[in-house]
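Only one structure is covered here, and it is reproduced in the block below.
The values are calculated or read from the model by the stated rules, or taken from the named source; none is laboratory data. From a predicted model like this one, the values you see are computed outputs, not experimental measurements. No Cβ is skipped: glycine too gets one built from the backbone with ideal geometry, and neighbour counts run over all protein chains shown.
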Amino acid sequence: MPLKFASRLVCAVLVCSFWSSARPVGDLDSVLHEMDDAAKIQIYQPRLDQVDIYDAGAHRDEFESFLVLGFGGSGHDMLKSFDVNYAGTEKIDGTETAKLDLTPKSEKVRQHFAHILLWIDPQRGLSLQQKLFETSGDYRLAKYSSVQINQKISDDKFKLKTSGKTKTLTH
């Protein structure tokens with residue numbers, strides 16, 4: 001999964017979790033989001049044939065805190081949004097990773113995610129696995145494989161491909 005796509009995918013899932021009690025339905029590889037100049041986020045759920053639009057302006061800090069989860073954010077950026085504890089090393093698909101346990105500093109974020117585990121490839125500085133623990137006790141696990149860095153991805157890959165019958169909901 002290309003890194004740029006993976007980053008947007010993770011953010012789309014988090015945004016859907018953060019601003020809505022609804023969970024994405026369907027194959028998460030099909031979920032995309034776009035953030036335009038007006039700080040709008042669009043999430044398309046193909047099985048529902050529905051686009052959810054969120055106004056990220058009021059929650060921009062919380063949303064941006066998720067962008068540092070192992071996809072291009074620096075350690076300093078992560079420390080602004082999370083308390084970070086080193087939890088040792090662990091092999092993920094044959095790669096030795098540094099396991100980090102993150103606790104959100106923002107009360108608003110903590111209402112949705114109690115803590116987050118990241119498995120970081122120290123050689124490439126990116127996340128190979130993420131486990132987000134919801135306050136309900138449920139968790140979401142994201143695993144990344146065949147990560148390619150600095151690959152050209154055309155902008156049309158980030159355009160929502162909807163049908164003529166797609167329902168649009170603004171939250």
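Here's the yes/no breakdown for (1) touching a Phe, Trp or Tyr at 6+ places or on another chain (Cβ under 8 Å); (2) more than 19 Å from Phe82 (Cα to Cα); (3) surrounded by 13 or more Cβ atoms within 10 Å (Cβ to Cβ):
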site	(1), (2), (3)
Glu107	no, no, no
Ile120	no, no, yes
Leu126	yes, no, yes
Phe133	yes, no, yes
Arg140	no, no, yes
Gln151	no, yes, no
Ser154	no, yes, no
Under 23 Å from Tyr54 (Cα atoms) and surrounded by 10 or more Cβ atoms within 10 Å (Cβ to Cβ): is that true of His115 in this structure? no
Go through Asp29, Asp49, Asp36 for me and flag whichever is charged (D, E, K, R) and at pLDDT 65 or above. Asp49
Restricting the stretch 76-96 to residues that are among the acidic types (Asp, Glu) and under 18 Å from Leu132 (Cα atoms), the one modelled with the lowest pLDDT turns out to be Asp83
Go through the stretch 97-117 and count every residue that is polar (S, T, N, Q) and at pLDDT 90 or above. 2
Residue list for the stretch 128-171, restricted to those being assigned to a strand (DSSP E or B) and farther than 24 Å from Tyr54 by Cβ: Leu128, Gln129, Lys143
